[in-house]
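This report concerns only the one structure given below.
The values are calculated or read from the model by the stated rules, or taken from the named source; none is laboratory data. Note that the structure is predicted; figures quoted are calculated from it, not measured. All Cβ positions, even for glycine, are placed from backbone atoms using ideal geometry, and neighbour counts span all protein chains on display. Areas reflect the complete protein model, heavy atoms only, side chains present, ligands, DNA and RNA absent. Shrake-Rupley method; radii C 1.70, N 1.55, O 1.52, S 1.80 Å.
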Amino acid sequence: MRNIVKNLYGFHEVVNKPSPEALQQYYAEKYYQAGQGSYEQAYSDAEIRYFRAKIEQKHIAAQPYYTKPTERAPRFLDVGCGEGWSLAYFNEAGWDCLGLDYSAFGCQSQNPSLSELLRVGDIYESLAALVHEQTRFDLILLDNVLEHVLDPGSLLQSLRTLLTPHGALIVEVPNDFSPLQQHLLDKGHIDSPFWVVVPDHLSYFNAEGLRALAQDMGWEVRRLMTDYPIDLSLVNPDSNYIRDRSRGKACHLARVEIENLIHDLSPEKGVALYSAFAELGIGRALTAVLTPR
């Protein structure tokens, strides 16, 4: 595939990346304007339960690896906070929360009461300001941001300076070029790697590559997990949402129902299940719990 190569860490990346100026302009036009991102106008109760379940699972996975302070409320930083679901979860749990994003539109749409917890603007500038302020956090979430940036290693390094000595970083990225996706290509269920979307995604991570990059940037990888492998739907021609885009919503709602059921049965066993999926390399999203090494 032209312009996409597997790098020395073991994940794929774009070779000829856009300039910082071009990328900034692209996102300014896409996200600073209300309604131009990928946000929905409204969600069902089941979808909101699903969002909260996935956040709770990340928290369960991270809990053994950070220490809550006793002299103050724990501090949570959400880098790329989007619609504010993680901010809502930790705010309700009594954490001192801060969210960074290029736009306030998503959070104001779904969690408007949390708008005061936002810093809006260029995320790198916001991170630099926090470093200058010597602000430290006990838990940091980097959710679907790393695949967008020009230099993911540099971002991982910068976040180390914002973490308390006994804190943890949760990173979520799409799980791309996975064994399941390769199987779909080999069997002809899909014609091309649909997950490649340039310039939105500049890096395409897998478990091996994310682990290697994190370790090289000074992190210890404590846990890896994925989520429900929605791409299994592509094996069945009646639910192949790539060949027939009208199937996408039904497949998404089926995932929501299955994930909610698993979470209702046992959040902890759900985390164990998704950790096993990570060992197999399947699952649409990949989550890593990291601590400074």
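Take every Cα pair under 8 Å in the range 127-241 that's 6+ residues apart, average their separations, divide by the length, and report that relative contact order as a whole percent.
Value for the range 127-241: 28 percent.
What FRET efficiency comes out for the pair Ile4/Asp186, r = Cβ-Cβ distance, R0 = 25 Å, nearest 0.05?
In this case the efficiency is close to 0.90.
Calculate the spin-label point distance for Glu208 paired with Ser266, positioning each point 7 Å from the Cα along the beta-carbon direction, and give it in nanometres.
Going from the Ser266 label point to the Glu208 one covers 3.2 nm.
Heavy atoms only, probe 1.4 Å: what % of the accessible area of the range 201-293 goes to carbon and sulfur, would you let me know?
So the carbon and sulfur contribution to the accessible surface is 54 percent.
Check Glu220: other-chain or 5+ apart residues with amide H under 5 Å from its amide H, H built from backbone geometry?
Thr291, Arg293
Remind me, relative contact order of the range 212-278 in percent, using alpha carbon pairs under 8 angstrom and six or more residues apart?
It comes to 39 percent, rounded to a whole number.
What figure in square angstrom, to the nearest 10, would you give for the accessible area of Ser115 with a 1.4 Å probe?
Only protein atoms counted, so the area is about 40 Å².
Helix-only mean residue ellipticity at 222 nm, the chain, DSSP H runs n ≥ 4 weighted -39,500 (n - 2.57), per residue, nearest 500. What is it?
Values: 10 runs with 114 residues, N = 293.
That comes out to -12000 deg cm²/dmol.
Short version: ³J(HN,Hα) in whole Hz for each residue of the range 228-244, in order, from phi by Karplus 6.51 cos²θ - 1.76 cosθ + 1.60 (θ = phi - 60°), x for Gly and Pro, what are they?
Working through the residues one at a time gives 4, x, 4, 5, 4, 4, 6, 5, 8, x, 7, 10, 6, 7, 7, 6, 9 Hz.
Work out the charge dipole of the range 157-293 with +1 on the Cβ of Lys and Arg and -1 on the Cβ of Asp and Glu about the Cα centre, then indicate which of Leu224, Tyr274, Leu159 is farthest towards its positive end.
Of the candidates, Leu159 comes out farthest on the positive side.
Would you mind pulling out the separation of the Cα centroids of the range 62-116 and the range 129-156, in Å?
14
Take Arg72 and Lys30, extend 7 Å from each Cα along the Cα→Cβ direction, and tell me the distance between the two endpoints in nm.
Each label point lies 7 Å from its Cα, and together they span 3.6 nm.
Report the gain in length on full extension from Arg243 to Ser154: 0.36 nm times residue separation, minus Cα-Cα distance, nm rounded to one decimal.
28.3 nm
Run the 1.4 Å probe and let me know the accessible area of Cys81, rounded to the nearest 10 Å².
Probe radius 1.4 Å; accessible area of Cys81 about 10 Å².
Treat each spin label as a single point 7 Å out from the Cα along the C-beta direction, and report the Leu253 to Ala276 distance in nm.
3.0
With a cut-off of at most 12 other beta carbons within 10 Å, and DSSP calling the residue loop, which GluC sites (Glu not before Pro) in the range 106-199 qualify? Please list them.
none
Could you report the range 152-293's accessible area per residue, 1.4 Å probe, as an integer in Å²?
With all protein chains present, the range 152-293 gives 43 Å² per residue.
Counting only C-alpha contacts under 8 Å and six or more residues apart, can you give the relative contact order of the chain as a whole percent?
Relative CO of the chain lands at 22 percent.
What are the ³J(HN,Hα) values, in whole Hz, obtained from phi via the Karplus relation 6.51 cos²θ - 1.76 cosθ + 1.60 with θ = phi - 60°, for each residue of the range 164-176 in sequence order, with x given for Gly and Pro?
Couplings: 5, x, 10, x, 9, 10, 9, 10, 10, 9, x, 9, 10 Hz.
Report the antiparallel proportion of the DSSP beta bridges in the chain as a percent, rounded to a multiple of 5. Each step should come with its number before you reach the end.
On the way: 17 of 35 bridges.
Roughly 50 percent of the beta bridges in the chain run antiparallel, per DSSP.
Leaving ligands, DNA and RNA out of it, work out the accessible area of Ser246 with a 1.4 Å probe and give it in Å² to the nearest 10.
Approximately 90 Å² of Ser246 is accessible to the 1.4 Å probe.
Classify the range 78-156 from the C-alpha gyration tensor, please: rounded if a/c falls under 1.5, else prolate or oblate depending on whether a/b exceeds b/c. Walk me through the numbers on the way to the answer.
Values: a/c = 1.66, a/b = 1.34, b/c = 1.24.
Taking the square roots of the gyration eigenvalues as a ≥ b ≥ c, the range 78-156 is prolate.
Quick check: from the Cα gyration tensor, does the chain come out rounded (a/c under 1.5), prolate or oblate?
Taking the square roots of the gyration eigenvalues as a ≥ b ≥ c, the chain is rounded.
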